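This report refers to the structure that appears directly beneath it.
The values are calculated or read from the model by the stated rules, or taken from the named source; none is laboratory data. Just so it is clear, the model here is predicted, and its values are computed rather than measured. Neighbour counts run over all protein chains shown; Cβ positions are idealised from the backbone, glycine included. Please note that ligands, DNA and RNA were not included when accessible areas were found on the heavy atoms of the full protein model with its side chains. Shrake-Rupley method; radii C 1.70, N 1.55, O 1.52, S 1.80 Å.
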Amino acid sequence: MAVARVARAAGRRSRQMFDIFVAEVPWTVSSKELKEYFSQFGSVQRCQLPFDRDTGFHRRYCWIKFSTPEDVQNVLKKDSHILEGSKLALKQQTRRRRSQRRNPRE
């Protein structure tokens, strides 16, 4: 039980380090394709596309980590992002200080 709790906490911490949250990802798009798409705006360090253990399909959202803040701004400058006919919903992740978080244990 303690190991699972530590793993969940590590997952929460790693997600906070991502720059952009992407929703409405088509079922047919892979993390490799997402990384290739977003690399046109700058250097993509990481793309995390979580999968559902029960269905085996991804959950239609992901997190993207870029090398520089300028790369993030390049992505956000473009009005819409469309992959395989579906418009992606992007949201810039805000980085909060520990003292500003709602749950002090995060």
For the stretch 19-92, the percent of accessible surface on carbon and sulfur atoms (probe 1.4 angstrom, ligands and nucleic acids excluded) is 48
Starting from the 7 Å offset along Cα-to-Cβ, what nm value, one decimal, do you get for the label separation of residue 84 and residue 45? 2.8
Provide the per-residue ³J(HN,Hα) series for the stretch 63-74, in order, calculated from phi with Karplus coefficients 6.51, -1.76, 1.60 and θ = phi - 60°, each as a whole number of Hz, with x at glycine and proline positions. 10, 10, 10, 9, 6, 9, x, 5, 4, 4, 5, 4
Sparse-neighbour loop sites [GluC sites (Glu not before Pro); the stretch 17-55; at most 10 other C-beta within 10 Å; DSSP]: none
Which chymotrypsin sites (Phe, Trp or Tyr not before Pro) in the stretch 49-89 pass both tests, a DSSP loop state and at most 16 other beta-carbon atoms within 10 Å? 57
Just to confirm, what accessible area per residue do you get for the stretch 19-92 at 1.4 Å probe, in whole Å²? 61
